[in-house]
Amino acid sequence: MSPDAGAIALDYLYDRNPDPGAIVDIEPGVRWLTMPLPGSLAHINLWLLDDKDEDGGDGVALVDTGIFSNTSKEVWEHFFATGLGGRKVTRLIVTHAHPDHIGLAGWLCERLGIELWISETEWSMGRRFSLDAGRILIDSGLALFRRGGLGKEAEALAASRPSMRIPTSPVPENHHRLRDGDVLRIGAHDWRVVVGRGHAPEHCCLWCPTLDIFIAGDQVLPKITPNVSLWPGRDDPDPLAHFIETLDKLRDLVPDSVTVLPSHNLPFHRLHNRLRQLRDHHDERMDEVLAACDSPKTAADVVPVLFRHRKLDQRQMAFAMGEALAHLQYGVTTRRLAREERADGTWLFQRT
Ligand SMILES: [Zn+2]
């Protein structure tokens with residue numbers, strides 16, 4: 001994720017995030033729980049939706065989990081002790097398999113005797129990473145970063161693939177499969193599953209037309225642009241194309257009037273403005289990448305073009321390589337760049 005200079009023209013519903021563990025009513029039956037996160041993101045927003053259990057009793061569905069840590073567990077335990085008002089937790093819905101969203105899925109499902117609702121791709125990715133602790137990823141990361149022109153640095157970087165090296169509780173063996181267009185009855189309301197791509201391969205947003213609320217996950221964030229990376233071990237060969245397609249899909253499907261509930265930063269209005277800003281952001285970056293590729297460039301050459309205002313540590317470098325490769329690949333798909341392979345396997349990109 002990167003800071004976004006053009007974050008204008010959005011209306012925020014709140015001035016700041018509530019303290020970790022505090023519960024805020026967005027609407028009756030839709031509540032907001034902030035969970036702390038290490039690092040610059042600082043927190044993730046989780047959502048608590050009034051639901052019914054199988055016998056028609058009152059309950060609460062959870063959306064996303066927070067990272068696998070004792071602090072997150074303490075926040076949840078505090079909520080179970082004080083925030084349920086005698087109701088049961090009915091189910092866990094997870095937007096996508098990044099560790100701040102799925103990290104406690106195994107623990108929550110076991111602790112509460114509930115089941116996981118998630119898309120097939122995100123479930124299998126989350127399960128793979130939780131079982132092999134990122135092993136497969138390190139190998140594929142190494143290959144990708146070598147192709148990106150990082151040379152010897154590739155090895156250290158591949159081994160550091162940070163977000164996937166963060167441990168998660170084991171992702172449950174079974175799941176209810178969410179598909180694009182599914183309508184979930186959660187309590188008194190229908191929520192439509194809207195699958196987005198590019199940030200994660202099968203990311204589920206939830207849209208409730210009656211409440212005019214859109215749970216955006218990481219697909220649409222205010223203030224920062226969602227990370228879009230060609231990502232080792234992921235089955236998405238052209239994530240930026242898919243991210244941009246999703247911006248158009250959301251513009252056509254989800255009305256501008258919705259209250260957007262993002263996973264980071266603050267709830268906001270004016271979704272369509274934000275979609276346009278994100279589109280402009282990537283168009284500008286593509287222009288910079290194309291200009292840089294007047295002569296043959298590797299992904300590593302392009303990183304300082306995209307991130308010229310920031311000094312990158314190793315963890316950020318991994319994301320930056322992923323983002324550079326995503327932009328270069330999109331340039332190839334749209335026939336604005338040609339890719340050649342050097343004898344040592346490194347990819348070179350040049351304007352057509
Ligand atoms: Zn994410």
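Annotations
- Other residues lying with their Cβ under 15 Å from the Cβ of E77 contribute a combined charge of 0, Lys and Arg counting +1, Asp and Glu -1.
- Using alpha-carbon coordinates, inclination of helix 135-147 to the longest axis of the chain, degrees: 30 degrees
- Helix-only CD estimate at 222 nm, as mean residue ellipticity for the chain, using -39500 (n - 2.57) per DSSP H run (n ≥ 4): -11000 deg cm²/dmol
- Fully extended contour minus Cα-Cα distance, from K311 to D212, at 0.36 nm per residue: 31.6 nm
- Of all lysines in the structure, the ones whose alpha carbon falls short of 29 Å from that of K311, not counting any fewer than 8 places away in one chain, are K152, K223, K297.
- For the peptides 186-198, 51-63, the ranking by mean Cβ contacts within 10 Å, running from highest to lowest, is 186-198, 51-63.
- Highest-first arrangement of 293-299, 64-70, where packing means the average Cβ count within 10 Å: 64-70, 293-299
- Angle in degrees between helix 70-82 and the longest Cα principal axis of the chain, rounded to the nearest 10: 20 degrees
- Extension gain from E74 to D235, taking 0.36 nm per residue of separation minus the Cα-Cα distance: 54.5 nm
- Which of D100, D256 is most accessible, then next, and so on - probe 1.4 Å: D256, D100
- Accessible surface computed residue by residue for the chain, with neighbouring protein chains in place and a 1.4 Å probe, gives 42 Å² per residue.
- For the chain, with all protein chains in place and a probe radius of 1.4 Å, 49% of the accessible heavy-atom surface sits on carbon or sulfur.
- Amide H contacts of H176 (H built 1.01 Å from N, under 5 Å, at least 5 apart or other chain): L116, W117, I118
- With a simple spin-label model that places each label point 7 Å from the Cα along the Cα-to-Cβ direction, the separation between R279 and L41 comes to 2.6 nm.
- Charge sum, other residues only, whose C-beta stays under 12 Å from A291's C-beta, Lys/Arg counted +1 and Asp/Glu -1: 0
- Per-peptide average of other Cβ atoms within 10 Å, ordering 73-83, 140-150, 337-347, 35-45 highest first: 140-150, 35-45, 73-83, 337-347
The values are calculated or read from the model by the stated rules, or taken from the named source; none is laboratory data. All values reported here derive from a predicted model rather than from experimental measurement. FYI the Cβ positions are ideal-geometry reconstructions off the backbone, even for glycines, and counts take in every protein chain you see. Note: accessible area is taken over every heavy atom of the protein model, side chains too, but ligands, DNA and RNA are not part of it. Shrake-Rupley method; radii C 1.70, N 1.55, O 1.52, S 1.80 Å.
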